[in-house]
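A quick write-up on the structure given underneath.
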Amino acid sequence: MTIRGWNDSWQAVFEALGRMKASWPTRGWSWDPRLHCCTSSFTTEQEPAARAATQLALPTEWVPATIVRAPQPLRDVVERAGGVRQGQLVLSSGPHGGLLVYGLWWPWGDGETVSLRVGLADVDPLREPSLKFRDVFGVTF
C-alpha cells in the first residue's frame with residue numbers, strides 16, 4: 001500500500017533528515033529517477049563524516065547477512081536496487097507512522113568513491129511526504 005497525505009508523526013523524521021543534510025560532507029544531492037530517491041557521492045576520505053551524518057537520520061544498519069530480517073518494504077527497495085553485496089550497507093529509520101526511510105551505501109569499484117541513496121519506501125513520488133522529502137534535499141525531478 002502506497003503512503004499518501006501527511007502525518008504529523010513524520011515531522012521528527014524530516015528534522016533528522018535536515019540535520020543529516022546540514023552535516024553532509026559534500027554539497028551535491030541529485031534525484032535518482034530509477035529508485036525515486038536522492039543521491040550523493042563522496043570520497044573515501046569523507047567517509048567518516050558521511051557515516052556520522054547518516055547516524056543522525058538513519059541509525060539502523062543492515063548488511064547482506066541481516067537484510068532478511070529487515071521490514072518487507074525495505075527488502076523490496078533493496079531488491080529493486082539489485083540486492084546488497086559485501087561491503088555495501090542498507091541504512092534505515094522507522095517505520096514512523098508508516099514511513100520508512102532508507103539509505104543505500106554503495107562503495108564504487110574504484111576504491112575512492114562511495115554513493116549514498118536516501119529515499120522513502122513505498123511512497124508516491126508525486127505526493128506528500130515525497131514532496132517534503134525532496135524539499136529537504138533541495139532536489140527536483
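What follows draws every value from the coordinates through simple rules; no lab data is involved. Being a predicted model, the structure only gives us computed values, none of them experimental. Cβ placement follows ideal geometry from the backbone for every residue including glycine, while neighbour counts extend to all protein chains displayed.
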In deg cm²/dmol, rounded to the nearest 500, the helical mean residue ellipticity at 222 nm of the chain, built from -39500 (n - 2.57) for every DSSP H run of length 4 or more, is -8000 deg cm²/dmol
Least to most buried among PHE133, PHE42, PHE141, by other C-beta atoms within 10 Å and fewest first, runs PHE141, PHE42, PHE133
So, relative contact order of the chain in percent, Cα under 8 Å, 6 or more apart, is 33
For the stretch 9-69 the translational diffusion coefficient, Stokes-Einstein from a Kirkwood Rh over Cα pairs at 4 °C and viscosity 1.567 mPa s, in µm²/s, is roughly 99
Percent of all Cα-Cα pairs per 5 Å bin for the chain, counting from 0 up to the last occupied bin, reads 2, 10, 22, 24, 23, 13, 4, 1, 0
Going residue by residue through the stretch 54-59, the Karplus relation 6.51 cos²θ - 1.76 cosθ + 1.60 with θ = phi - 60° gives ³J(HN,Hα) values, rounded to whole Hz and with x marking Gly or Pro, of 5, 4, 5, 10, 10, x
With DSSP loop assignment and no more than 15 other C-beta atoms within 10 Å, the trypsin sites (Lys or Arg not before Pro) in the stretch 60-141 are ARG85, ARG127
Summing +1 per Lys or Arg and -1 per Asp or Glu among the other residues with Cβ less than 13 Å from GLU112's Cβ gives -3
Expected max-MSF residue from ASP76, ASP110, ASP122 in the GNM of the chain (alpha carbon, under 10 Å) is ASP110
